[in-house]
Amino acid sequence: MSLHPVTAAVTERIVERSREVRADYLDRMEAARNQGPGRAKLSCANWAHAFAASPDEDKQRMRNPAAPNIAIVSAYNDMLSAHQPLERFPELIKAGAEEVGATAQFAGGTPAMCDGVTQGRPGMELSLFSRDVIAMSTAVALTHDAFDAALLLGICDKIVPGLTIGALAFGHLPVIFVPGGPMSSGLSNAEKARVRGLFAEGKATRDELLDVEMKSYHGPGTCTFYGTANSNQMMMEMMGLHLPGSAFIHPNTPLRDALVAYAPKRAVEITQAANAYTPMAAVVDAKAIVNALAGLLATGGSTNHTLHLVAMARAAGVLIDWTDFDELSAVTPLLARVYPNGSEDVNAFHAAGGMAFVVRELLDAGLAHDDVTTVAGPGLRRYQQEPFLEHGELVWRDGTAQSLNPDILRPVSDPFQPEGGLRLLKGGLGRAVIKTSAVKPENLAVEAPALVFDDQDDLLAAHKRGELNRDFIAVVRFQGPRANGMPELHSLTPVLGVLQDKGFKVALVTDGRMSGASGKVPAAIHVTPEAAMGGVLASVRDGDVIRLDGHTGELAILVDPAELSARAAAPTPPAAFGYGRELFGWMRRAAGPAEAGACALFGDAA
C-alpha cells in the first residue's frame, strides 16, 4: 500500500522543518557512539566502583570487556498501581541477561506521581514538570556511562515521556521500554460515570463515591480507561520501542514475566557489538513520530500528548506542531472507542484485536510508515503480531485481521468517524486543541457568554451556589505552564457534564490541561499564548460572547478587536507555595509554550 498523500506531505514537512536540529542531534549521538562502550573509557578504579556490590559471578562477567552490561532505569513505587508490578522486574531482567552472558544493573530510579491522586490538589501543579524531572533523573542514571543498552521501566502519564526525553540524550544506546500492563477490569465505566455525576449534583454521598472508585481502581496495573497512561503504551508500540504486542498484557502473569525476561536478551542482540545494532536515535525519527501521531488519532488517545509527543520529538531533533496533528487527524479515521470515548476499557480493546489490529489497519491504509527501525527489527509490520506462550516458550503470531468486537474496534473501511480524535482550534483567543472523539457532534459547537474564572475551585463553588444553570462558556485562565505549572482540570468534567445533560449549552476554554480521560464536554485546552504570557484570555470578561466550533476549528471572541486591545489585562495571580511548589519556580519561568511541549529543558521559552 502506498503512503497516503497527506501522511507523506506532513512527514516531509516535518523532515524539512527539523533538518538542522535533527542533523545536530545525530552528530552528537554518532560522536558518543564512536567513543565506544562506556566501560572501555572508565579507569580500573571507575569500573571497580561500578560493580563493587555485585555478586561474584556478575563480577567475573563484568571483567570481560565483551560482556554487555544493561542499565535498568525504573519508576517503581508501590503507591501507583501501574508501577507496583515493576518491583519484580529487575530480578527477571537480571536472570534473563545472565542466560545470554550479560549483566544488568539497576542504574537509577525516577519519581512517578499519580495524577489520579493529585487531581484538584496542590500537588497537581508539580505534575507536568515531573516529566522534566524524570528526564533529568534518567540522565543521571545513564551518565555513569557503564552500559551497552538500557531497559526503561515506566508506564503512566509523565513517566514515559520523561524517560523518553532523558534516554534520547543517550540515543547512541539501544533502549527498550518494558511495560507492566493494565489491571483487570473492575466496575463498569458507565456505572462509575453515573455515580460521579450524582456526587457532583449532591445526590450521592462521599462513601458511595469512594466505594465506586475502589471497585474501579482495585488492583495492580494501569487504570483501564484510555487516558494518558494507556495512550503512552500505544505510542511505544507505534514508535517501535516496545517488544511487539507487550502493551496490554496483565501484570503478574506468565506471559508478562516472559516478556520482561526476554527484553534484556533482545537488548543484547541490538547492542553496538552485535550485528543488529539499533540505537534509540535510529528508532525515534520523523517517521516514528508520525506513526505515534497516527496511532494517537486513530485510537482517540490522550490530549496530553499534544504536549508530551511534541517534547519527546524535540528531544530527538524532530520538530512537530499542532498543525501536523490537525492535518493528520483530518485523514486518519477513528478506529477505536475505549472509555471515555466509549463504554468499554483497554482490556476489551486488547481482546477485540488491540494494537496488532490497529497497526495492520493503519499500514494497509497507508496512514503509517512501515519502513522504520524498531527494537524488534526492521519494519512496523512486526507490530501486527502478538506474543504467546507455546510450551512455555515466548513466540509471536499474526494478530487477528478482523475486529472481534465492532463496538470497540473497527477497520479503516468502517470507522467510528472519518477523522481522528483531535483537532486544532484557532482564532481571536489563540491556538488550542480539542478532543472530539468523546463529544457528540451536536455538542461540538457552542456560542455563549463567557463566565471567567481564575481558579477551577471558583467554578466549582459557583456550581454549588446554583449559578451555572444556563448556557455559558467557562473561561478558566492562568492555568498554563508559566502561571502555575499547567495542572489538569479534570475535576471540572463531572460538573460541566451534568449541566450539559440538563440541556444547557456549555463548553470550556482554558490555557490549562484536561485529563487524558477528557470526556463529553467540548473543551478548548492548552490555549496558547497563555494568559500569563500576554494571551487574549487575560482580557476576557464575563458576558463576552465566545464561539467554540469543533466542526470548523474556530475559537473566536465576538468582541470588537479595538475594544479588546484597549482593555487592561487581568493580573497573573501570585505563585502559590507549599506542597513543594516553590521548588519548581525555575521550571515555571523556563517553560516554553504549550505548542512547543511546555518543556523547561530546551532553552526556547518564549
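The values are calculated or read from the model by the stated rules, or taken from the named source; none is laboratory data. Computed from a predicted model, the values in this text were never measured in an experiment. Using ideal geometry, Cβ is built from the backbone for each residue, glycine included, and neighbour counts are taken over all protein chains shown.
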* Looking only at region 413-424, decide whether some residue is in contact with a Phe, Trp or Tyr (Cβ under 8 Å, 6 or more places away or on another chain) and at pLDDT 95 or above. => yes
* **Count of region 290-318 residues which are not in a helix (DSSP H, G or I) and not hydroxyl-bearing (Ser, Thr, Tyr)** => 6
* Structure fact -> Those residues of region 572-600 that are part of a loop (DSSP other than H, G, I, E, B), loosely packed, with under 13 Cβ neighbours inside 10 Å and of a type in the set (Phe, Trp, Tyr) come to a total of 1
* **Pairs where the first residue, in region 589-606, is closer than 13 Å to VAL310 by Cα and in the same structural domain as GLU488 (by TED's automatic domain parsing) and the second is at pLDDT 95 or above and surrounded by 24 or more Cβ atoms within 10 Å (Cβ to Cβ), C-beta under 9 Å, 6+ apart** => none
* Asked: Could you give every pair whose Cβ atoms fall below 9 Å, whose first residue belongs to region 557-571 and is touching a residue at least 12 places away in the same chain (Cβ under 8 Å) and farther than 11 Å from ARG541 by Cα, and whose second residue is in a loop (DSSP other than H, G, I, E, B) and not polar (S, T, N, Q), counting only separations of at least 6 or pairs across chains?
  -> LEU558/GLY428; LEU558/ASP544; PRO561/GLY428
* What number goes with the only condition from (1) of a type outside the set (Asp, Glu); (2) modelled with pLDDT under 95; (3) buried (at least 20 other Cβ atoms within 10 Å of the Cβ); (4) out of contact with any Asp or Glu (no Cβ under 9 Å at 6 or more places or on another chain) that PRO487 does not pass? -> (4)
* Can you spot a residue in region 66-85 that is modelled with pLDDT of 90 or more and part of a helix (DSSP H, G or I)? -> yes
* Asked: Do we find that LYS94 is among the charged types (D, E, K, R), in contact with a strand residue (DSSP E or B) (Cβ under 6 Å, 6 or more places away or on another chain) and not in a loop (DSSP other than H, G, I, E, B) in this structure?
  -> yes
* To do: Within region 27-50, identify whether any single residue is hydroxyl-bearing (Ser, Thr, Tyr) and assigned to a helix (DSSP H, G or I), and answer yes or no.
  => no
* To do: Could you name every one of the helices (runs of 4 or more DSSP H) located completely within region 461-571 that has at least 1 residues being closer than 24 Å to PRO340 by Cα?
  => 492-501
* Does THR332 satisfy the criteria of being part of a helix (DSSP H, G or I), surrounded by 24 or more Cβ atoms within 10 Å (Cβ to Cβ), of a type in the set (Ser, Thr, Tyr) and touching a residue at least 40 places away in the same chain (Cβ under 8 Å)? -> no
* Structure fact -> Scanning region 377-397 for residues that are out of contact with any Lys or Arg (no Cβ under 8 Å at 6 or more places or on another chain) and loosely packed, with under 15 Cβ neighbours inside 10 Å gives PRO378, LEU389, GLU390, HIS391, GLY392, GLU393, VAL395, ARG397
* Give, as residue ranges, the helices (runs of 4 or more DSSP H) completely inside region 190-269 that count at least 3 residues that are touching a residue at least 40 places away in the same chain (Cβ under 8 Å). => 228-238, 254-269
* **Residue list for region 182-213, filter: touching a Gly at 6+ places or on another chain (Cβ under 9 Å) and either more than 21 Å from TYR226 (Cα to Cα) or at pLDDT 95 or above (or both)** => ALA200, LYS203, ALA204
* **Among (1) of a type in the set (A, V, I, L, M); (2) out of contact with any helix residue (DSSP H, G or I) (no Cβ under 9 Å at 6 or more places or on another chain); (3) buried (at least 20 other Cβ atoms within 10 Å of the Cβ) - the single one ILE72 does not satisfy** => (2)
* assigned by TED's automatic domain parsing to the domain that holds ALA75 and over 30 Å from ILE270 (Cα atoms) - does that describe any residue in region 226-239? -> yes
* **ASP145 vs. criteria buried (at least 24 other Cβ atoms within 10 Å of the Cβ) and either in contact with a Cys (Cβ under 7 Å, 6 or more places away or on another chain) or not aliphatic (A, V, I, L, M) (or both)** => no
